Amino acid sequence: MSCNCNCSGPKSDLSLLKDVLDRYAGERGSLIAILQKAQEIYGYLPKDVMYHIAEKIGSTPAEVMGVATFYSQFRLTPIGKYLIMSCQGTACHVNGSERISAAISAYLGIENGQTTEDGLFTLEHVACLGCCSLAPVIMINGEAHGNLTPESVINILKDIRKKEGVEA
């Protein structure tokens, strides 16, 4: 079946969703779980995937997109290879998280919610990472980096670029 969503760009491999859709077939209230699994598979929720989910669960694309846009856990655009979550909680704020975020933004040339042109980094401000004793803290692909200074966070990013073979 084809997507009638007027999506641009490459089409998603919808066969990757078969097991997820089979698992939740006929289960009322399973849309959020299906969207979570779809995001795990694709890294975000492509429009053609959401249309496919709607078709398979007997819902409307508007309902599926409504849920996907309501909850902040869902991403509608691809993220970089390295997701930088910058804590903006109270402990981090008091200890200079604004300076850390500003250093990241200046070095990478992106703001909150954006991805670098090379697709390597995405910056996302989050309310709290639960690592208050490490404030200010960021998490990169699940690894916490704490007690940061603007200089130390830049060094972390430079090390990643070096590891990826990209000029720092």
Conditions (1) in contact with a strand residue (DSSP E or B) (Cβ under 9 Å, 6 or more places away or on another chain); (2) in a helix (DSSP H, G or I); (3) under 13 Å from residue 91 (Cβ atoms) -> residue 148 fails only (2)
Only one of 58, 113 is more than 30 Å from residue 26 (Cα to Cα) and surrounded by fewer than 17 Cβ atoms within 10 Å (Cβ to Cβ), namely 113
Note on the range 61-76: residues under 20 Å from the mean Cα position of the chain (by Cα) and either aliphatic (A, V, I, L, M) or closer than 19 Å to residue 153 by Cα (or both) are 64, 65, 67, 68, 76
Of the residues in the range 92-103 that are surrounded by fewer than 18 Cβ atoms within 10 Å (Cβ to Cβ) and farther than 15 Å from residue 151 by Cα, the one that is nearest to the chain's Cα centre (by Cα) is 93
Of the listed residues (84, 79), the one being touching a residue at least 24 places away in the same chain (Cβ under 8 Å), within 18 Å of the chain's Cα centre (by Cα) and in a loop (DSSP other than H, G, I, E, B) is 79
Of (1) part of a loop (DSSP other than H, G, I, E, B); (2) at pLDDT 95 or above, residue 123 fails just (1)
Checked 34, 57 against criteria (within 26 Å of residue 142 (Cβ to Cβ) and outside the structural domain of residue 146 (by TED's automatic domain parsing)); the one match is 34
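The values are calculated or read from the model by the stated rules, or taken from the named source; none is laboratory data. All values derive from a computational prediction rather than experimental measurement. Reconstructed Cβ throughout: ideal geometry from the backbone, glycine too, with neighbour counts over all protein chains shown.
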